[in-house]
Amino acid sequence: MNLVDEDVNHPGYLVDEDVNHPGYLADEDVNHPEIYMSERVFYKSPDSSFHLLLEIEEETITSINFCSAQVSSQPSTALEREIFRQFDLYFTGRGKEFDLPFFATGTVFQLMVWEEVLRIPYGKTISYKELAERIDNPKASRAVGRALNQNPVPILIPCHRVIGSNGKLTGYGAGIAIKKKLLELERGNWQ
């Protein structure tokens, strides 16, 4: 069952069926008999404020984690060069959208939450409560927070754009300081 419109303008979209195509989020009950080796790539933002560890399998981003300072990898494939290019644009305020293949798994509820997060515009924020209301589950604010905490590809699925109802920064897997820096970056470049 497809959870979003086919014409969504981003390379990954949420489905809960087995799809053998990179750039999808799929229900975690999907069986994947093949085991692939993932490649780890370290990325450092141009101003060295952000350090990311990306895992790539079969030309698809499967994980993004913030990490301590690392020496940035030298991109060795076309995809890695494109990842670095798009992240450089984002972290310098010149890129507001990503067009990168990703794959992530989650429960149906997590997929609904992540799908809605993809609709939050660059430079804007919504509350956990508003996000719960948008997915027709108005009493699920805490569950929304837990779903966001399980987001395997932060920044691509911009969970940092979800804040407390009172406007305070609450919860972020990489820490509130990183969330604050990402929001400041976006707000400073929003037009």
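The values are calculated or read from the model by the stated rules, or taken from the named source; none is laboratory data. All figures in this text were calculated on a predicted structure; none of them were measured in a lab. Reconstructed Cβ throughout: ideal geometry from the backbone, glycine too, with neighbour counts over all protein chains shown.
Is one or more of the residues making up region 127-141 at pLDDT 95 or above and under 17 Å from Ser63 (Cα atoms)?
No, region 127-141 contains no residue that is at pLDDT 95 or above and under 17 Å from Ser63 (Cα atoms).
Return the pair list, or none, for Cβ contacts closer than 7 Å from residues in region 63-79 that are within 22 Å of Lys181 (Cβ to Cβ) to residues that are part of a helix (DSSP H, G or I), at least 6 apart or on different chains.
Short answer, once both residue conditions are applied: Phe66/Ile178.
Just to be sure, is Phe87 in the same structural domain as Ser48 (by TED's automatic domain parsing), under 13 Å from the mean Cα position of the chain (by Cα) and under 22 Å from Leu54 (Cα atoms)?
Taking the combined requirement at face value, the residue satisfies it.
Could you count how many residues in region 155-182 are at pLDDT below 95 and either in a loop (DSSP other than H, G, I, E, B) or in contact with a Cys (Cβ under 7 Å, 6 or more places away or on another chain) (or both)?
So the count comes out to 12.
Test of understanding: among Val71, Val41, which residue is closer than 18 Å to Asp88 by Cβ, of a type in the set (Val, Ile, Thr) and surrounded by fewer than 16 Cβ atoms within 10 Å (Cβ to Cβ)?
It is Val71.
Can you tell me which residue within region 44-62, out of those that are part of a strand (DSSP E or B) and without any contact (Cβ under 8 Å) to a residue 24 or more places away in the chain, is nearest to Leu89 (Cα to Cα)?
His51
Any residue in region 82-111 that is over 25 Å from Ser38 (Cβ atoms) and surrounded by fewer than 16 Cβ atoms within 10 Å (Cβ to Cβ) sitting within a Cβ distance under 6 Å of a residue that is hydroxyl-bearing (Ser, Thr, Tyr) and modelled with pLDDT of 95 or more? List the pairs, counting only those 6 or more apart or interchain.
Once the first residue is over 25 Å from Ser38 (Cβ atoms) and surrounded by fewer than 16 Cβ atoms within 10 Å (Cβ to Cβ) and sits in region 82-111, its partners that are hydroxyl-bearing (Ser, Thr, Tyr) and modelled with pLDDT of 95 or more give Lys96/Tyr122.
What about Val71, is it in a loop (DSSP other than H, G, I, E, B), closer than 28 Å to Tyr128 by Cα and modelled with pLDDT under 95?
In short, no.
Quick one: which of Arg119, Arg146 is part of a loop (DSSP other than H, G, I, E, B) and either under 16 Å from the mean Cα position of the chain (by Cα) or closer than 24 Å to Phe50 by Cβ (or both)?
The conditions single out Arg119.
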